[in-house]
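Below is one structure; the comments refer to it alone.
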């Protein structure tokens, strides 16, 4: 009896194994016949997502941003021009739609503003946000290019002094730029030197052609003049060490003059800061608070409470941010 049950179990196990093998074979055939899926969209980076969504639709907008291509190259940002334009358009549309929907709802339900006025403010806020977004994205590489230019100008005495020491020691121009690109504490010119070495080692250009290519994309006129002087000295076979020594002396004189000029302008900036960001907002807050207590009307359709909120949470932070940007753009780094 026990042996019969064992034989029946073995037979059932064999049949089950056979059926499982057939089922797995059918599944593998079905999987192989399925159409291949489309590549997934890269959502990790906003730039990639904007390019995948808007890349084919930006051709008509390219002439509006024709000056931005050169600015992107001068800024040192490793961003493709077409991809950056796609990001500008995509971000502007997204933020504008969000403001056009959210702002009227907040004004209608929170501030109890009439529906017509809320829609009007929403439309105006959407247009303002769209313009502000486009200008912000446009000015971002401009700011980086200007910052890179100021760093090159500020560090030019140290750059030319370092290059003059190597040139007087008999080091070749290619090795001078190679040493400049591998400093322990890199200068702003180290990035330009890396471009020179990349053009020589990777693209097979000679030293003069590599320097001409870097000279055409650098945002600093002083550094461009130095590079072109090095090219002329190499062409004529002149004394490169003597040329760089003279550039070092000239750059140091200009550096002393710029520091003296900055110390004079800093006192003016401090007075502007006290007047516009300390005394001015304080007087406005007192005035709006008194208007609110006395029950006076606001400005147009804006109540005193709304004016006080806009002053506290929008106007003062924006003015402070603008002042910090101005201070950063005028202050020397060395």
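Structural remarks
- Check on residue 131, touching a residue at least 12 places away in the same chain (Cβ under 8 Å) and assigned to a helix (DSSP H, G or I): no
- Residue 184 vs. criteria more than 30 Å from residue 68 (Cβ to Cβ) and under 27 Å from the mean Cα position of the chain (by Cα): yes
- Candidates are the residues of segment 65-118 that are more than 23 Å from the chain's Cα centre (by Cα) and in contact (Cβ under 8 Å) with a residue 40 or more places away in the chain; the one that is surrounded by the most Cβ atoms within 10 Å (Cβ to Cβ) is 113.
- Any hit, segment 134-145, residues being closer than 30 Å to residue 245 by Cα, touching a helix residue (DSSP H, G or I) at 6+ places or on another chain (Cβ under 7 Å) and part of a helix (DSSP H, G or I): yes
Laboratory data are not the source of any read-out in this text; all were calculated from the coordinates shown. Treat the numbers as computed from the prediction; the structure is a model and nothing was measured. With ideal geometry, Cβ positions are generated from the backbone for all residues, glycine too; neighbour counts draw on all protein chains shown.
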